[in-house]
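The values are calculated or read from the model by the stated rules, or taken from the named source; none is laboratory data. Here the structure is a predicted model, which is why all the values come from computation and not from measurement. We place every Cβ from the backbone using ideal geometry, glycine too, and count neighbours over all the protein chains shown.
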Amino acid sequence: MMMWLLVAIIALIIILWINLYNGLVKARMYTQEAWSQIDVQLKRRNDLVQNLIETVKGYARFEQGTLEKVVALRNQLTQVPDGDHEQKMALSNQLTDSLKSVFAVAESYPDLKASQQYNKLMEELTNTENKIGYARQLYNTSVASYNTRLQTFPTSLVAKLHHFEPAQFLETPTEEKAVPTVSFDAEGK
């Protein structure tokens, strides 16, 4: 009788261990999948940026420096190794800032803003930027869930023995955290 009880306890521990291990693997996979969604959207944006730049070039010959910077950042982003999430996000943030300059260039060219191709590309780019934001949020949620599992008992024991490493959150760059300054002239405009 005692032998069966001991076998049952060992079997229960093994089943629990397997369940905890599989839960960690699933959480890690969800985190990797969430990063993959960011990667897909970054590639989509890179493709759209190239088309947008070609469209703007025809109108904005004088803003060559701005366009060259966007193209250079896009090219750097495509060269970043897949595992280097931090560098990829840093370049992505720089590209987002540079795209603001491209949007400003468009304001100077009414014919460009009236172009159907330009408007379609801008709409697609805006949608893609929104998808990137959502994908970042999903990634951070997945990281929080995974890291919580790594730190809670008894899963933390399984995680340590099997060398599971915590994932890093994506953070907002410091310059984007600054509160924007809003001012009105004497006429309230």
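Note down all Cβ pairs under 9 Å where the first residue falls in segment 15-31 and is of a type in the set (Val, Ile, Thr), the second is in a helix (DSSP H, G or I), and they're at least six residues apart or on different chains.
Within 9 Å, the pairs are Thr31/Tyr139; Thr31/Ser142; Thr31/Val143; Thr31/Ser145; Thr31/Tyr146; Thr31/Asn147.
Among the listed residues Thr126, Thr141, which satisfies the condition of being part of a helix (DSSP H, G or I) and without any contact (Cβ under 8 Å) to a residue 12 or more places away in the chain?
On the way: Thr141 fails: without any contact (Cβ under 8 Å) to a residue 12 or more places away in the chain.
Result of the check over Thr126, Thr141: Thr126.
A quick yes/no check of all residues on (1) surrounded by 13 or more Cβ atoms within 10 Å (Cβ to Cβ); (2) at pLDDT 80 or above; (3) of a type in the set (Asp, Glu):
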{"position": "Leu52", "(1), (2), (3)": "yes, no, no"}
{"position": "Glu63", "(1), (2), (3)": "yes, no, yes"}
{"position": "Val71", "(1), (2), (3)": "yes, no, no"}
{"position": "Arg74", "(1), (2), (3)": "yes, yes, no"}
{"position": "Leu77", "(1), (2), (3)": "yes, yes, no"}
{"position": "Asp84", "(1), (2), (3)": "no, yes, yes"}
{"position": "Ser92", "(1), (2), (3)": "yes, yes, no"}
{"position": "Leu95", "(1), (2), (3)": "yes, yes, no"}
{"position": "Lys100", "(1), (2), (3)": "no, no, no"}
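Is it true that some residue in segment 109-132 is modelled with pLDDT under 80, hydrophobic (A, V, I, L, M, F, W, C) and surrounded by fewer than 17 Cβ atoms within 10 Å (Cβ to Cβ)?
Yes, segment 109-132 contains a residue that is modelled with pLDDT under 80, hydrophobic (A, V, I, L, M, F, W, C) and surrounded by fewer than 17 Cβ atoms within 10 Å (Cβ to Cβ).
Quick check on segment 1-54: of everything there that is within 30 Å of Thr78 (Cβ to Cβ) and among the charged types (D, E, K, R), which residue is nearest to the chain's Cα centre (by Cα)? Give the steps one after another, and end with the answer.
First, pick out the residues of segment 1-54 that are within 30 Å of Thr78 (Cβ to Cβ): 27-54.
Of the ones still in play, those that are also among the charged types (D, E, K, R) are 28, 33, 39, 43-45, 47, 54.
Working: Arg28: 17, Glu33: 12, Asp39: 7, Lys43: 11, Arg44: 12, Arg45: 12, Asp47: 16, Glu54: 25 Å.
Result: Asp39.
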